[in-house]
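All remarks here apply to the structure that follows.
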Amino acid sequence: MTTIASPQGRTRPPHDDASAVRVLVVGGGTPLAGLLSLALRAEGWEVRSAADGDEAVRRARDFRPDAVVLDVMLPGMDGLAVLGRLRHDRPEVPVLFLAARDAGGDRVAGLTAGGDDCVTKPFGLEEVVARLRGLLRRSRAVAPRAGSVLRVGDLVLDEDSREVSRGGTGIHLTATEFELLRFLMRNPGRVLSKPQILDRVWSYDFGGQVNVVELYISYLRRKIDAGRPPMIHTRRGAGYLLKPAASG
């Protein structure tokens, strides 16, 4: 079995499944950090949170996370300073930064240097989970999931490679279209309301109108259903659902 060396010279095996993954969320005690922690626990991961940089460093030493979600803007010690302290103790731990949308391009480039990743606010919780999975795979903290490929009828979505096909034909989707389709495919045959979709695919603080859901559903239909029996259906007054196309 492949092992991962710790800074103290001990070794530990990579996790066999997602339930063993440990994630530290450092978000300044904001409601967003709380929601993110809930979303990660829903994945079966063990989650600890820290409100500031000093607490983050202490928790990282005790908790020994497999990955860290780190807000750049923290009270006291900022995210970059926290990163330096974390990497001093755990140089191999992957860090996913949360940055404001108006962060400068050079700053974001600096945050993502060294193989880590950066998500700008506002973001969908699904996107953060997907980014974390990518970092964890590269660090060997979690084995590839048997359930990373979603199938509904002849529609296939690979959550790891982010590839989509229908009937063997590849379909190119934007990042938002991909997240929307993934949410639909994780709930086949279930009617999902516009507010549910808006909250899950975009974010709780997106501040947009539910009309954006209608717009992106129309985009998906053009790519998924065009020239084929439809899979995406509207339930007036209720929402949308995805199900296998009717045969014949």
Taking the range 53-64 and keeping residues part of a helix (DSSP H, G or I) and surrounded by fewer than 23 Cβ atoms within 10 Å (Cβ to Cβ) leaves ASP54, GLU55, VAL57, ARG58, ARG59, ALA60, ARG61, ASP62, PHE63
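Take the conditions polar (S, T, N, Q), under 21 Å from the mean Cα position of the chain (by Cα) and either closer than 25 Å to GLU127 by Cα or at pLDDT below 85 (or both) and apply them to SER49. Does it pass? I'd like the intermediate steps shown before the answer.
Values: polar (S, T, N, Q): yes; under 21 Å from the mean Cα position of the chain (by Cα): yes; either closer than 25 Å to GLU127 by Cα or at pLDDT below 85 (or both): yes.
In short, yes.
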Test of understanding: among ALA67, ALA50, ALA81, which residue is buried (at least 22 other Cβ atoms within 10 Å of the Cβ) and without any contact (Cβ under 8 Å) to a residue 40 or more places away in the chain? ALA50
Yes or no: the range 91-100 includes at least one residue that is open to solvent by less than 60 Å² (accessible area, probe 1.4 Å) and more than 15 Å from VAL119 (Cβ to Cβ). yes
Filter the range 223-240 down to the residues that are within 18 Å of PHE178 (Cβ to Cβ) and touching a residue at least 40 places away in the same chain (Cβ under 8 Å), then identify the one that is most open to solvent (accessible area, probe 1.4 Å). LYS223
Name the residues in the range 191-248 that are over 28 Å from GLY167 (Cα atoms), under 24 Å from the mean Cα position of the chain (by Cα) and either part of a loop (DSSP other than H, G, I, E, B) or at pLDDT 95 or above (or both), would you? SER203, TYR204, ASP205, PHE206, GLY207, GLY208, GLN209, VAL210
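The values are calculated or read from the model by the stated rules, or taken from the named source; none is laboratory data. Bear in mind that the values here come from a model prediction, so they are computed numbers and not experimental data. Every residue, glycine as well, gets a Cβ built from its backbone with ideal geometry; the counts of neighbours run over all protein chains shown. Quick note on the areas: whole protein, heavy atoms, side chains included, nothing else; ligands and nucleic acids left out. Shrake-Rupley method; radii C 1.70, N 1.55, O 1.52, S 1.80 Å.
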